């Protein structure tokens, strides 16, 4: 394997990858995601992550490709990225005083090895007032976030508590990815391939 590749253009995932202190490149997947509604929640995020990683791996077969996908569920409903202010407001009203589930699927693909896994975190919101929701939407933060909120940004002030891995909510379960890369015999070379 020559390079470690992140198949994502997410700024948050890039920030988290930097915390791993590993050299990597970014090559954005161009795949049109296929959502198989017959899959379980966890299988669906792993499948979407695999689709992204495989798309990049097809043209980088000497490298190790990491793909990710994050979905926010309220009960059994998927809350994606809002496309309008009205959609963002509706999502935030639904999340108010409720607990949602954030699942991030991960896929690692190289010539000799492939693996998919997921991490799940439950996020509980305080009750939100209409003015809080309107002010948050006016910040524009909700629009590139699944579930219309960013736990690491302005949306963090609405969070009453989490159960699980904080970084999973940001879209890259940091410690799990680190251990997958450094404990697997096929991937151990990246443990010593550090930027510092």
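Of the numbered criteria (1) in contact with a helix residue (DSSP H, G or I) (Cβ under 9 Å, 6 or more places away or on another chain); (2) surrounded by 16 or more Cβ atoms within 10 Å (Cβ to Cβ); (3) over 18 Å from residue 150 (Cβ atoms), the one residue 82 fails is (3). Annotation: residue 118 fulfils all but one of (1) touching a strand residue (DSSP E or B) at 6+ places or on another chain (Cβ under 7 Å); (2) at pLDDT below 95; (3) within 21 Å of residue 20 (Cα to Cα); the unmet one is (2). Of all the numbered requirements in (1) outside any strand (DSSP E or B); (2) in contact (Cβ under 8 Å) with a residue 24 or more places away in the chain; (3) in contact with a strand residue (DSSP E or B) (Cβ under 9 Å, 6 or more places away or on another chain), residue 82 misses one, and that requirement is (3). Of the numbered criteria (1) surrounded by fewer than 21 Cβ atoms within 10 Å (Cβ to Cβ); (2) over 14 Å from the mean Cα position of the chain (by Cα); (3) not in a helix (DSSP H, G or I), the one residue 5 fails is (1).
Among residues belonging to the stretch 150-167 that are within 14 Å of residue 92 (Cβ to Cβ) and touching a strand residue (DSSP E or B) at 6+ places or on another chain (Cβ under 8 Å), point out the one that is surrounded by the fewest Cβ atoms within 10 Å (Cβ to Cβ). Restricting to residues being within 14 Å of residue 92 (Cβ to Cβ) and touching a strand residue (DSSP E or B) at 6+ places or on another chain (Cβ under 8 Å), the top hit is 159. For residue 133, state whether it is within 26 Å of residue 179 (Cβ to Cβ), in contact with a helix residue (DSSP H, G or I) (Cβ under 7 Å, 6 or more places away or on another chain) and crowded, with 16+ Cβ neighbours inside 10 Å. So residue 133 does not fit the description; no.
The values are calculated or read from the model by the stated rules, or taken from the named source; none is laboratory data. Since this is a predicted model, take the numbers as computed values, not measurements. Backbone-built Cβ (ideal geometry, glycine too); neighbour counts: all protein chains shown.
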